[in-house]
1. With (1) small (Gly, Ala, Ser); (2) free of Cβ contacts under 8 Å to residues at least 24 places away in the same chain; (3) in contact with a strand residue (DSSP E or B) (Cβ under 8 Å, 6 or more places away or on another chain) as the list, and Ala41 as the residue in question, which single condition is left unmet?
2. Given Glu74, Glu98, which one is under 27 Å from Glu15 (Cβ atoms), open to solvent by 80 Å² or more (accessible area, probe 1.4 Å) and out of contact with any strand residue (DSSP E or B) (no Cβ under 7 Å at 6 or more places or on another chain)?
3. Would you pick out the residues in the range 39-67 that are outside any loop (DSSP other than H, G, I, E, B) and farther than 14 Å from Met24 by Cα?
4. Which of the residues belonging to the range 68-87 are in a loop (DSSP other than H, G, I, E, B) and within 14 Å of the chain's Cα centre (by Cα)?
5. How many residues does the range 1-27 contain that are free of Cβ contacts under 8 Å to residues at least 40 places away in the same chain and closer than 23 Å to Gly84 by Cβ?
6. Which residues, counting only those in the range 14-29, are open to solvent by less than 50 Å² (accessible area, probe 1.4 Å) and either at pLDDT below 95 or assigned to a helix (DSSP H, G or I) (or both)?
7. Which condition number does Ile82 fail, the rest of (1) modelled with pLDDT under 95; (2) open to solvent by less than 90 Å² (accessible area, probe 1.4 Å); (3) within 27 Å of Asp7 (Cβ to Cβ) being met?
Amino acid sequence: MEQLGMDNIAAHEQELTAYCMKRMAEIDGLRIFGQAKEKDAVVSFLVGDIHHLDMGTLLDRLGIAVRTGHHCAEPLMTRLGIQGTVRASFALYNTKAEIDALVEGIKRVRTMF
């Protein structure tokens, strides 16, 4: 990490996050929670009426790792009127191809409901 430099790693994560949010805009009924201009490499979302646990389980079956739940923010989820979200997070080792797989996986799961 020292060889790559923390600024380069942060730039890579920001690029992945922006790319993910752009790709997710293609999905009808997808809502992103948290769209600050300078956000961490995390995208929380829901799709239509699909329960976050169902989405997470089905993405897992497709080999796509996400987290589900209230992410230690239960009061916020209550305030938003939702039970939880699906969360994708990115780091140094992630690629745009993995984001493409995530988006295609979400689209596939969406057709099941």
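The values are calculated or read from the model by the stated rules, or taken from the named source; none is laboratory data. This is a predicted model, so every value here is computed, not measured. Note: ideal-geometry Cβ built from the backbone for every residue, glycine included; neighbour counts use all protein chains shown. Quick note on the areas: whole protein, heavy atoms, side chains included, nothing else; ligands and nucleic acids left out. Shrake-Rupley method; radii C 1.70, N 1.55, O 1.52, S 1.80 Å.
1. Only one criterion is unmet by Ala41, namely (2).
2. Step by step, each of Glu74, Glu98 is checked, and only Glu98 is under 27 Å from Glu15 (Cβ atoms), open to solvent by 80 Å² or more (accessible area, probe 1.4 Å) and out of contact with any strand residue (DSSP E or B) (no Cβ under 7 Å at 6 or more places or on another chain).
3. His52, Leu53, Asp54, Met55, Gly56, Thr57, Leu58, Leu59, Asp60, Arg61, Arg67
4. Correct list: His70, His71, Gly84.
5. 2
6. The answer is Leu16, Thr17, Cys20, Met21, Arg23, Met24.
7. Tallying (1) modelled with pLDDT under 95; (2) open to solvent by less than 90 Å² (accessible area, probe 1.4 Å); (3) within 27 Å of Asp7 (Cβ to Cβ), Ile82 fails exactly one: (3).
For (1) of a type in the set (Lys, Arg); (2) out of contact with any Ser or Thr (no Cβ under 8 Å at 6 or more places or on another chain); (3) open to solvent by less than 70 Å² (accessible area, probe 1.4 Å); (4) at pLDDT below 95, each residue gets a yes or a no:
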{"residue": "Met6", "(1), (2), (3), (4)": "no, yes, no, yes"}
{"residue": "Arg31", "(1), (2), (3), (4)": "yes, yes, no, no"}
{"residue": "Ala41", "(1), (2), (3), (4)": "no, no, yes, yes"}
{"residue": "Val47", "(1), (2), (3), (4)": "no, yes, yes, no"}
{"residue": "Gly56", "(1), (2), (3), (4)": "no, no, yes, no"}
{"residue": "Val66", "(1), (2), (3), (4)": "no, yes, yes, no"}
